[in-house]
Amino acid sequence: KAGVTQTPRYLIKTRGQQVTLSCSPISGHRSVSWYQQTPGQGLQFLFEYFSETQRNKGNFPGRFSGRQFSNSRSEMNVSTLELGDSALYLCASGFTGGSYNEQFFGPGTRLTVL
Amino acid sequence: AQSVTQLGSHVSVSEGALVLLRCNYSSSVPPYLFWYVQYPNQGLQLLLKYTTGATLVKGINGFEAEFKKSETSFHLTKPSAHMSDAAEYFCAVTLNNNAGNMLTFGGGTRLMVKP
């Protein structure tokens, strides 16, 4: 079974631009979560989607948004990029909602903002 | 709210020596606890997890961890380090409350293994 895939793997943008990252979960998984990883702040939860609905949201500004499609694929968007948005963005998928179930992480998208 | 503290951002051991990575958590409800490993330029891989039941859990690659409620700890151990264990390790917690899959991570511990 294919794992979680994230595209693109690397991205370079300039301040003020916007960016869209994509995540395809493992087949059959309906939950997708996004995390930001930086050297200074570590791993921080952005948001979780389940059945096309945002279920949980972390403490990030409104410039960070996401959505999930009917096939469970998810995108996250960052508008008006800032230098501090440079990070590894990780996506994780899980089978169901409700009680916790194991999440599987993708390789991440490394975003560099110049 | 929950939080995770990993003592020691860097740990260095010799090959063949005991590996001990420390993790303490705080949680208002019974937690689920996890250890993940991250190799350079890769995502996170689950090493082991504690949900309910036996407090000593065994994971992949010879790692194990013990959930100690009285100490709010979930330390990761491996009897004998191997060069391939060099990586960054993250302890994480989520709440056992049917509220979804949000993980709270510790700051990570980079394990270095000396030959």
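No lab work stands behind these numbers, since they all come straight from the coordinates. Every value quoted in this text rests on a predicted model; they were computed, and no experiment measured them. In this analysis, Cβ positions are derived from the backbone assuming ideal geometry, glycine residues included, and neighbour counts consider all displayed protein chains.
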Within segment A:1-103, which GluC sites (Glu not before Pro) sit in a loop by DSSP and count at most 14 neighbouring Cβ atoms inside 10 Å?
-> A:52, A:82, A:102
Chain A: C-alpha pair distances exceeding 19 Å, % = 39
Quick one: Kirkwood hydrodynamic radius for chain B, alpha-carbon pairs, angstrom, one decimal?
-> 14.2
Whole-percent pair-distance distribution, where bins are 10 Å wide, for the alpha carbons of segment A:59-108 = 19, 46, 30, 5
Could you list the trypsin sites (Lys or Arg not before Pro) in segment B:1-81 that lie in coil according to DSSP, counting only those with at most 14 other Cβ atoms within 10 Å of their Cβ?
-> B:69
Square roots of five times the C-alpha gyration tensor eigenvalues of the protein assembly as shown, ordered largest first and given in whole Å, equal 29, 21, 16
If you put +1 on each Lys and Arg Cβ and -1 on each Asp and Glu Cβ, how big is the dipole of chain B around its Cα centre, in Debye rounded to 20?
-> 80
Tell me the trypsin sites (Lys or Arg not before Pro) within segment A:11-50 that lie in a loop according to DSSP and have at most 15 other beta-carbon atoms within 10 Å.
-> A:15
For B:83, A:76, what ranking results if the residue with the fewest other Cβ atoms within 10 Å of its Cβ goes first?
-> B:83, A:76
Going by how many other Cβ atoms sit within 10 Å of their own, how do B:82, A:29 line up, fewest first?
-> B:82, A:29
Counting as exposed only GluC sites (Glu not before Pro) in DSSP loop states with no more than 16 other Cβ atoms inside 10 Å, the longest exposed-site-free span of chain B is B:16-70
Rank the residues B:56, A:90 as a footprinting-exposure proxy: fewest other Cβ atoms within 10 Å of their Cβ go first.
-> B:56, A:90
